[in-house]
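Scroll down for the structure; my scribbles are underneath it.
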Amino acid sequence: MPTNAEQSLRREAICSLLQRGPIATQQSLVDALRAQKFEATQSSVSRDLRTIGAIKTARGYELPTDDASVSQALDDAAELLRGLSPAGNHLLVLRTAIGAAQRVALALDRSAWPEVVGSIAGDDTVFVATDSAQGLRNLIAKIERAMGA
């Protein structure tokens, strides 16, 4: 089992790799790390990605760097949306491509849109809680604009 120092060095190496550009898969990261003589498995890389705050986009794993990356994540999320339905005054149900709900929810959570209180993602469905009925209407309008509706 790697020491804390080894884990820290591996995470720094992952950050360095991601700063060069997106990495398509966790296995690609494992291979790149092993080429640099790091002990790495898919599960250790998965934990490292979560720890360093990397996000999975349509292009692969990336480090969030600024508002532009949040904007790109929202654009990517819009491409994965299949529909939306309000459910009451404070809840929005989003339908996504299969397996894309967590990506969409993460993009919304990181958007810093004031209407979004939080989200819960399944496989192809996201429940988004809003701060008010007006917030729900505002959020629907923003999402529909992003979807090009």
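Laboratory data are not the source of any read-out in this text; all were calculated from the coordinates shown. The model shown is predicted, which means the values in this text are computed figures rather than measured ones. FYI the Cβ positions are ideal-geometry reconstructions off the backbone, even for glycines, and counts take in every protein chain you see.
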Which distance in nm do the two modelled labels at residue 52 and residue 15 give, with both placed 7 Å along the Cα-to-Cβ direction?
0.8
Along the charge dipole of the chain, Cβ charges K/R +1 and D/E -1, which of 113, 132, 85 sits furthest on the positive end?
85
Dipole size in debye (nearest 20) for region 67-147 around its Cα centre, Lys and Arg Cβ +1, Asp and Glu Cβ -1?
160
Here are several values of log10 I(q)/I(0) by the Debye sum over Cα atoms at q = 0.08, 0.12, 0.20, 0.21 Å⁻¹: [x] -0.25, -0.53, -1.25, -1.35; [y] -0.27, -0.56, -1.12, -1.19; [z] -0.33, -0.64, -1.28, -1.37. Which one was derived from the coordinates shown?
[y]
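Treat every Asp and Glu Cβ in the chain as -1 and every Lys and Arg Cβ as +1, leave all other atoms uncharged, and give the resulting dipole magnitude about the Cα centre to the nearest 20 debye. Display every interim value, and only then the final one.
Values: 16 positive and 17 negative charges, 38 e Å.
Using Cβ point charges on Lys, Arg, Asp and Glu, the chain gives about 180 debye.
At a threshold of 8 angstrom on Cα-Cα distance, excluding pairs fewer than six apart, so keeping six or more, what relative contact order does region 67-147 reach in percent?
Values: 142 pairs, mean separation 24.9, N = 81.
Relative contact order of region 67-147: 31 percent.
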Estimated dipole of region 4-62 in Debye, rounded to 20 [Cβ of Lys and Arg +1, of Asp and Glu -1, Cα centre]
120
For region 1-18 and region 128-144, compute the distance between their C-alpha centroids and round to whole Å.
40
